[in-house]
Structures are given as C-alpha cells and as structure tokens.
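The values are calculated or read from the model by the stated rules, or taken from the named source; none is laboratory data. Computed from a prediction, not measured in an experiment: that's the story for all the values here. Positions of Cβ are backbone-derived with ideal geometry, glycine not excepted, and every protein chain shown enters the neighbour counts. Heads up: the accessible areas ignore ligands, DNA and RNA and are worked out on the full protein's heavy atoms, side chains in. Shrake-Rupley method; radii C 1.70, N 1.55, O 1.52, S 1.80 Å.
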Amino acid sequence: MIDLHPSYLVDEQAQRKAVVLSIKEWTHVLEALEELDDIRMYDEAKARKDQAVPLEKILQESLADYSS
C-alpha cells in the first residue's frame, strides 16, 4: 500500500478543489496505476481464450511481411 500524505487546495467555502502530492508519492501512484493496467490487460487476454501463438512465429511473419 502506498503511504500518501496529500495536501489539498480549497476554495473560499473550504471545498477541496485539488490535491498536491510530492513527486515521490505521485511516482508511486503512477507505477501502481500502470501495474493495475497490466493486470487488467492480462485478465482480458486470459478471458478471451484465444489460441496462443509463439512470439517467434509472429516475429518471423512480421519480418517476412517487411521483406516483401
């Protein structure tokens, strides 16, 4: 879990309008979001149950298309 220490910018009515994080905390948030996105994409790919194709085959086909 990320230990955040946010500061808030408020308007005249003391309503929160923005959040301020340190660069280190913001970097941790971005890394966590990227990891969650990777997990989501993995779960979606796994759910499709498409036939697996070896990377080498895809690369060979791509190189063959490029050579033509």
Taking 25 °C and 0.890 mPa s as the conditions, I'd like the Stokes-Einstein D for segment 16-68 in µm²/s, using the Kirkwood hydrodynamic radius from alpha carbon pairs.
164 µm²/s
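Carbon and sulfur together cover what percent of the accessible area of the chain at a 1.4 Å probe radius?
On the way: 3820 of 6620 Å².
Of the solvent-accessible surface of the chain, carbon and sulfur hold 58 percent.
As a test of the formula, what do you get for the chain when each DSSP H run with n ≥ 4 contributes -39,500 (n - 2.57) and the sum is divided by the residue count, at 222 nm and rounded to the nearest 500 deg cm²/dmol? Could the numbers behind the result be given before it?
Working: 2 runs with 39 residues, N = 68.
Result for the chain, helices only: -19500 deg cm²/dmol.
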Angle, helix 23-48 long axis vs. longest principal axis of the chain, Cα atoms, 0 to 90°, nearest 10?
40 degrees
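Rounded to the nearest 0.05, what FRET efficiency do residue 49 and residue 27 have when you use their Cβ-Cβ distance and R0 = 25 Å?
Details: r = 36 Å, r/R0 = 1.43.
According to the calculation, E is roughly 0.10.
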Set the Förster radius R0 to 35 Å, insert the Cβ-Cβ distance between residue 16 and residue 40 as r into 1/(1 + (r/R0)^6), and round the FRET efficiency to 0.05.
0.80
With the other protein chains left in place, how much accessible area per residue, in square angstrom, belongs to the chain at a 1.4 angstrom probe?
97 Å²
